[in-house]
Amino acid sequence: MIVDNPKLKDAHKYPDEIFILSGVKGEGVFQGAKAKSIWDLKFFEVENIKKDFQNLDDDKVIKLMDLFYGKSDLSKVRSLQFYRAFNYIKEQLKDVYDKEKMLAGDSQQKLIDAGIKELDIFGSLNILDDLGKDFGKSPEEVEQWSYGLVFSLSLKRKKESDIRKRLDKWKTLN
């Protein structure tokens, strides 16, 4: 089937096909263009992708396809080709969310009682600020770094913290 302009708002015209296509395995190639890895995108770009997926519309889908594939003209694109490319983006985002679970720390009751959860309102600014302080950079500079670098540094910090906690606990037991 060829869809002149595959708009999300037109999905009601062919719900069975859309349902099936939304489950097709993603493919990182679209109209001959290889997709960018989400880990190579800038930190702020990935944060924007997360926000965009909360409330997708036609413009956001086109923006995502342009960001990942450098293609914004979706006219006369075969539905299967579109959904393979778009599902690749969804799979990349799921990979980010799955890996971010590794960053979740064990909240110590003392920290919770002290109000650590109040910092949650600042979202990713907490990460940008911490890394900026460590590297002598502003949060704006850090958000220009690749998402993969920011994630790796954050995971490294968490692992170091976990090791310090185990070492401190071990020292108190011995």
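The Cα center of region 79-97 and the Cα center of region 27-77 differ in position by 9 Å.
Using the Cβ-Cβ distance between Lys101 and Leu80 with R0 set to 22 Å, the FRET efficiency from 1/(1 + (r/R0)^6) comes to roughly 0.10. Subtracting the Cα-Cα distance of Ile18 and Asn55 from 0.36 nm times their residue separation leaves 11.5 nm of extension gain.
In region 2-101, the alpha-carbon atoms span a convex hull of 98 Å³ per residue. Backbone geometry of region 76-92 corresponds, through the Karplus equation with coefficients 6.51, -1.76 and 1.60 at θ = phi - 60°, to 3J(HN,Hα) couplings of 6, 8, 5, 4, 4, 4, 4, 5, 4, 5, 5, 5, 4, 4, 4, 5, 4 Hz, x marking Gly and Pro.
For a straight C-alpha distance cut-off of 18 angstrom, the lysines reachable from Lys169 (same-chain residues fewer than eight places away being disregarded) are Lys110, Lys158, Lys159.
Amide H to amide H, with H built 1.01 Å from N, Phe30 comes under 5 Å of Ala35, counting only residues 5 or more places away or on other chains. Each other residue within a Cβ distance under 13 Å of Leu80 adds +1 if Lys or Arg and -1 if Asp or Glu, for a net charge of +1.
Bear in mind that the values in this text are calculations on the coordinates, not laboratory data. These figures come from a predicted structure and were not determined experimentally. Methodologically, a virtual Cβ is constructed for each residue, glycine included, from the backbone with ideal geometry; neighbour enumeration extends over all protein chains shown.
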